[in-house]
Amino acid sequence: MKKKHSIAILKKYLIFREDARKISAIIQNENKKERNKTFYLDFSKTNFFSRSFIDEFLNMIDDLRKKKSIIKTINLKPQLEKFLKRVEKRKQNIKKETTF
């Protein structure tokens, strides 16, 4: 059975790839305690994402999914959710265009 775990992201501005790596480290540390968790990342305090943060964040999500973790975002401000989806779609298109 999957256990739900909420992680509050307290930073107002997520700019650097290192910010995404820190979130990943927190999740991986929690995942060592119990495998196959569903993690809810609470972005209610966050007002800004940079493109590089989102790129690394999406890479992190892909890596964690391979390890059977489920990552969900909650309390994203509408403009951040829109930006996240736009970058995600662009990354998917680039993968399609560059895959043999």
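Rule-based calculations on the coordinates, nothing more; no lab input. Note that the structure is predicted; figures quoted are calculated from it, not measured. Counting neighbours? That spans all protein chains shown, and the Cβs are built from the backbone with ideal geometry, glycine included.
Would you mind finding the one in Lys77, Lys85, Lys68, Lys89 that is among the basic types (Lys, Arg) and closer than 21 Å to Lys4 by Cβ? Let's see the steps before the verdict.
On the way: Lys77 fails: closer than 21 Å to Lys4 by Cβ; Lys85 fails: closer than 21 Å to Lys4 by Cβ; Lys89 fails: closer than 21 Å to Lys4 by Cβ.
Lys68 is the lone residue from the list that is among the basic types (Lys, Arg) and closer than 21 Å to Lys4 by Cβ.
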With (1) free of Cβ contacts under 8 Å to residues at least 12 places away in the same chain; (2) under 13 Å from the mean Cα position of the chain (by Cα); (3) over 25 Å from Ile94 (Cα atoms) as the list, and Lys32 as the residue in question, which single condition is left unmet?
-> (2)
